[in-house]
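The block underneath contains the structure these notes are about, expressed in structure tokens.
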Amino acid sequence: MQSLQKIRRYEFLLVFISIIIYVARRLFQEARHFDQIVTAAELNKIPHALIWGPLRNYNHFSNTIFPIITGALFFLGGWFIFHYYIYPRFKEKKLDYQLFILIFISIAFVVTSVFLFDFLKLYIRHTVDSHEQIAGIKVYSLFRKLFFFTNSMAAIVIILLYEGFAQFYYFLNQKLNEEKEENFQYLMYFLNISIAGFMILVAITANLPRKNYWYGAVRELSLMAICATTVYFTQDVFYKKVLPYFSSVKSKEFQNGAIYFLFINFLGAIGGYFIQFISWLNHSHVYLGFHAEWIIQLFLIFTFVSIVIAFLRKVLTKEKIELKTQIVSKSAELLNLRSQINPHFLFNALNTLYSVSLKENAEKTSDGIQKLGDMMRFMLNENHQDRIPLSKEIEYLHNYIDIQRMRIDENHNIEIKVNIQNSEREIFISPMLLNPFVENAFKHGISFRNPSWIYITLTHDAQKLYFKVHNSLHPKQENSPEQANNGIGLENVKKRLELIYPNRHTLDIQVSDNDYFVSLIIGIY
């Protein structure tokens, strides 16, 4: 399938050809209109003085050919700068002075194109007498300051609308490129042919309104774009920021999401009202008054539609998320089963070792064996459940940390600090979400040659669980047996968090040459 760079090259060629077709058609139309006006006047035996006298102020090149061609070229230049330079920079968040210079140049090109066309373009029509009979020819201009301002805005809106459709097309192209089925390329070809045919058809048939550009397609497409954009963003905010915290109305995330949701809807309603205001202004030359009910109607429509779409999106994606969760859970269970070599034999062996260590008065060894047995029992019994009490997860963490402490003596310059808040109420979380970060800290944060430290903190409030692990970082040797397994456990945890706690967790990992920091916040209400 075609790459994006290749598509953008063809895109410029298509736009350029469409503008050439439109300009050529308009020139032929203007020439034919001129001939029809003059011929009709002559056929009605209008005196030559009344025909050609007014036409002394009309020059077909200066008042028709030149403004149409130069207006189209300047508009093409403004579109080209915006589409190929401004929007890519804006998308990459390169908000520097060059971007503002390019925006100014693009707007200047668009405004110049409107000015050249509206100011220089002259029109001709028949004058009629009291009996509605042709009485002569009149040459006139439609240039008005108000129309110049609103038409300039309309031209800018046309470029923005085009950019919106172009980005949507790029999105479809990317998704089709990701499909592995070869037959999807024919769908891409059909889409390309349809778009090219549509643009050529518009160039052949469409005309900008004479008086102002806000009549017809520009106004309707602007309203549609504002409605679609507002609904898209607000339903996304409601789905991600409001619905996950809906059960806790007092939560800060719910309040912030609701405010953001209402604010975007209000901006969309104001944008739609502004389009109506421009239309009224061009239609009657005066402002007809403030129509607050129109803003309220748009706001209520946007709010209702956004909420409905967000709920439907939640319903439709719930089954998909559950299926993914089951797949990840079953995969983890399969890996766990593969790693189990006759668990009953291992428990019996651990019991034997525990008894021997007690006979030999090796209390430290027996204590470690007992903790290891508790950890294995947790892995076999608790790890396959959807939710477990936080107290069991904390118990597993303590056992793992205690076992790791056994290999450290006072001669090692290693500092381990653990601050775990016990829960006063029953809190349930998904198992084995916290320990992989602790395992990673002991794997990469302990060195018997260099000073090392590990700080582990686990606290919670009524709504969230806060887990932090901060450790020193020591590079592993190339021949380390764990070198090939780096990151597998952490990647598994990240995927599980995305599936089990979508939009209800925040994972922040910061890495430097000397330390590794993990901050995990999980919504537990």
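So, in region 90-106, how many residues would count as being in contact with a helix residue (DSSP H, G or I) (Cβ under 7 Å, 6 or more places away or on another chain) and at pLDDT 90 or above? Of the residues in region 90-106, 4 are in contact with a helix residue (DSSP H, G or I) (Cβ under 7 Å, 6 or more places away or on another chain) and at pLDDT 90 or above.
Once region 162-185 is narrowed to residues that are among the aliphatic types (A, V, I, L, M) and at pLDDT below 85, the residue that is farthest from residue 117 (Cα to Cα) is 176. If you go through region 203-225 one residue at a time, how many are more than 30 Å from the chain's Cα centre (by Cα), of a type in the set (A, V, I, L, M, F, W, C) and at pLDDT 75 or above? The qualifying residues number 3. Taking residue 415 as the residue in question, decide whether it is surrounded by fewer than 16 Cβ atoms within 10 Å (Cβ to Cβ) and at pLDDT below 85. Spelling it out, it is not the case that residue 415 is surrounded by fewer than 16 Cβ atoms within 10 Å (Cβ to Cβ) and at pLDDT below 85. Quick check, is residue 430 in contact with a Lys or Arg (Cβ under 7 Å, 6 or more places away or on another chain), of a type in the set (Gly, Ala, Ser) and either touching a residue at least 24 places away in the same chain (Cβ under 8 Å) or at negative phi (or both)? Yes; evaluated as a whole, the condition is true for this residue.
Restricting attention to region 20-74, the residues that are in a loop (DSSP other than H, G, I, E, B) and over 24 Å from residue 148 (Cβ atoms) total 5. Examine region 147-159 for a residue that is in contact with a Leu (Cβ under 6 Å, 6 or more places away or on another chain) and assigned to a helix (DSSP H, G or I), and state whether such a residue exists. No: region 147-159 contains no residue that is in contact with a Leu (Cβ under 6 Å, 6 or more places away or on another chain) and assigned to a helix (DSSP H, G or I).
A Cβ distance below 7 Å, combined with a sequence gap of six or more or placement on separate chains, defines the contacts here; from region 21-49, residues that are on the phi > 0 side of the Ramachandran plot reach no residue that is surrounded by fewer than 16 Cβ atoms within 10 Å (Cβ to Cβ) and of a type in the set (Ser, Thr, Tyr). When the criteria are applied in full, residue 6 fails the requirement of being outside any helix (DSSP H, G or I), free of Cβ contacts under 8 Å to residues at least 24 places away in the same chain and among the basic types (Lys, Arg). For region 493-516, filtering for residues that are at pLDDT 90 or above and surrounded by 16 or more Cβ atoms within 10 Å (Cβ to Cβ) leaves 2.
Residue 126 fulfils the conditions (1) touching a strand residue (DSSP E or B) at 6+ places or on another chain (Cβ under 7 Å); (2) exposed (fewer than 15 other Cβ atoms within 10 Å of the Cβ) except for a single criterion, (2).
Listed here are the residues, each with its yes/no results for (1) at pLDDT 65 or above; (2) out of contact with any His (no Cβ under 7 Å at 6 or more places or on another chain); (3) under 21 Å from residue 232 (Cα atoms).
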residue: 252; (1), (2), (3): yes, yes, no
residue: 256; (1), (2), (3): yes, yes, yes
residue: 274; (1), (2), (3): yes, yes, yes
residue: 279; (1), (2), (3): yes, yes, no
residue: 284; (1), (2), (3): no, yes, no
residue: 299; (1), (2), (3): yes, yes, yes
residue: 302; (1), (2), (3): yes, yes, yes
residue: 307; (1), (2), (3): yes, yes, yes
residue: 315; (1), (2), (3): yes, yes, yes
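Among the residues of region 65-105, write down those that are touching a residue at least 40 places away in the same chain (Cβ under 8 Å) and more than 25 Å from the chain's Cα centre (by Cα). Passing the criteria: 66, 67, 68, 69, 70, 71, 72, 73, 74, 75, 76, 78. Figure legend. Inter-residue proximity from region 442-468: first residues modelled with pLDDT of 85 or more, second residues outside any strand (DSSP E or B) and among the β-branched types (Val, Ile, Thr), beta-carbon distance below 6 Å, spacing 6+ or different chains. Indicated pairs: 452/446; 465/524.
The values are calculated or read from the model by the stated rules, or taken from the named source; none is laboratory data. A quick note: this is a predicted structure, and the numbers were derived from the prediction, not measured. A quick note on method: Cβ atoms are made from the backbone with ideal geometry, for glycine too, and the neighbour counts reach across all protein chains shown.
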